[in-house]
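Each remark here refers to the structure printed beneath this line.
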Amino acid sequence: MQNILIHSAEFVFAPVLLPLLGAAIVFCAKAFSRGRIAKTIEYTGAAIGLLLPWLMLFIILPNLLGGSVYEGTIGGWDKNLGILYKFDGLAWLVNFLGFSVAMAAWFYSLGAGPRGPKFTAIFLIQTAALSATIMTADLFNLFVCLEVLGISSYVLVCSSEKPGAFLASFSYLMVSAAAMIFFLVGIYGLYRLTGKLSYEGIAEALAAMDNGGGITALISLALIIAAVALRVAVMPLYGWLPDAHAMAPHAVSAVLSGVLIKTPLFALSRILIIFPAGSDAGQLMGVSGGLTALIAVIIALSQKDVKKLLAYHSVSQIGYIVCAWGAALHIGVETPAGLVLMTAAFLHALYHALFKGTLFLTVGTLIDRAGNRSVYELRRGAGILKKSGEKIPVTFISFMLAAMAIAAIPPLNGYVSKNALSYALKGRWEYVVLTLASVGTVASFIKLSLIFFPPGKNHNAIAFLENPQKVHPAMKAAELFLAILCLAGGLFSPYISKIAGSLLNQSGTVGINSIPPDLYSGGNLQKTLIITLSGAAVYLLCSTKQGKAVLKRIRERPRSFSGLFTSFALGLAGMAAWLIYRTFN
């Protein structure tokens, strides 16, 4: 089998082609009347698109751990004319992340909806686009992949058919479309300079120039970074995300938060690594990521809608990843310190996908049965779920595991990945900023967790649905699957980290480990206790009359559609000015 793989690199396209094949099969289900035949065809297509790619991933894993990289052009065209691809350890890890969350989310949708051939087919197309985005090795194909990813996401966001979902999807579409115009302008600038579209071709051409392409190259790079940063939802380009994630179906929210906003970031890292200004761009990413982690968690703490609270936390957690990834790029990803940081950043990206996916699914299950999504009004969640037929509190247990994970409580996966980031960033300014963000995370999840518990003495009773809908077994299975992965990710993190480090290093040596050797030392546990107690203190402070007034002002701050474009323009101008200043000073 190994010889077949070595001589048949096309095998690595399975994560793209199988979901597309599954989508084509699912569309055939629409040719039949509603019934067993149509459903069987739909489920067959979903199995082909979501399950079979796992076979390729595990078959090819030993080769990648041995240092193999599959790259070339589709159809054997010359690299100056054809579509370039690269399947390496990073591509494998992103595919692992994507298919883990997508499989659980689609299974959840069987019970919660939306369901049916149309939804499944679009869902599979989005999954294929995620895989293609991380595999591409040229800028124009990256543009195409991001557009397919965006179009499928717009459709999935409004598939909940809620009035607010259509507006959220439209805002996402318009801002993304405008940003991608600038992306194209950036491609044009680099193509005009170098005559190349491949990442490596552009890098080689710019390196051969005396001034590295000058201002034209810097502005083109800024245009590309800003457009991708909007898809990643980094401050100040995050405005589209909260409404889109909050109004989307719960299964779609899990994928958007867990995978969608991270994949463009890792695709961007390929570009930044090879550009002459990569180190400066990495420094800028670090600053943007740190501010994103801290500011977004403050906004999350102010939220009234439970899904918006989770959505802003997605922005905050992506800040952790961007901050660490930027620091790794600034240090140099080929250095031991940079590789440890990059591994820790990806580990947190993977673990965030698991616990945030669990949170969106479990909270979504509760609010649908309660008929209320206000974090200030919703209480007795565990009782409501019991009334809906949950004899074993699967949803509540899954939620608590995920909430403790994002709050970095041992031995959950979030404790491991956040300590890995702290260990790699210790002594740097990013360590302080991310620690403060962690305090805010604890405070906001104390606030969110109250929806599952009985109300206090001064809490006004709210009427809920008298006969809540039963929780479908598929929903509980999906929640429990991701929750178990949160626990397993914490328990087996040393092994997971070594594999991830080896894949990212591509040296063929398993041994790079971002997990601190004293993970459960007294000092680390004491730090966790201090952060947890500080978070509880912040929550109590926010519960006072003055605290509530401040949070209300943050929550009701002016927001507008034009503000999204203004934020993008200011972010782009600031980035271009900073890159030019750093280059010529």
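Packing, taken as the mean count of other beta carbons within 10 Å per residue, orders the peptides 336-343, 61-68 from highest to lowest as 336-343, 61-68.
Between the listed residues Asn524, Ser159, Val185, the Cα displaced farthest toward the positive end of the dipole of the chain, a dipole computed from Cβ unit charges relative to the Cα centre, is found at Ser159.
Please give the peptides 525-533, 45-53 ranked by average Cβ packing (other Cβ atoms within 10 Å per residue), highest first, as a rough proxy for protection.
Highest mean packing first, the order is 45-53, 525-533.
Note on segment 346-454: dipole from Cβ charges, positive end direction compared against His352, Leu450, Ser422; the farthest Cα belongs to Leu450.
Considering only Cα-Cα distances, which of the following residue pairs are longer than 22 Å: Lys118/Lys308; Lys162/Lys548; Lys118/Lys470; Lys262/Lys307; Lys308/Lys356; Lys86/Lys196? Too far apart for the 22 Å limit: Lys118/Lys308; Lys162/Lys548; Lys118/Lys470. Which residues in segment 87-118 have a backbone N closer than 12 Å to a point placed 7 Å from the Cα of Ala24 along the Cα-to-Cβ line? It comes to no residues whatsoever. Measuring between their Cα centroids, segment 127-148 and segment 81-99 lie 9 Å from each other. Ellipticity at 222 nm from helices only: DSSP H runs of n ≥ 4 in the chain, each -39500 (n - 2.57), divided by the residue count, give -24500 deg cm²/dmol. Inter-part distance, segment 214-253 to segment 290-354, computed on C-alpha centroids, equals 14 Å.
Near Lys86: Cβ cut-off under 10 Å, other residues only, Lys/Arg at +1 and Asp/Glu at -1. The net charge is -3.
Read-outs throughout are calculated quantities, based only on the coordinates presented, and are distinct from any laboratory measurement. Because the structure is predicted, anything quoted here is derived from the model rather than measured. Glycine gets a Cβ as well: all are built from the backbone with ideal geometry, and neighbour counts include every protein chain shown.
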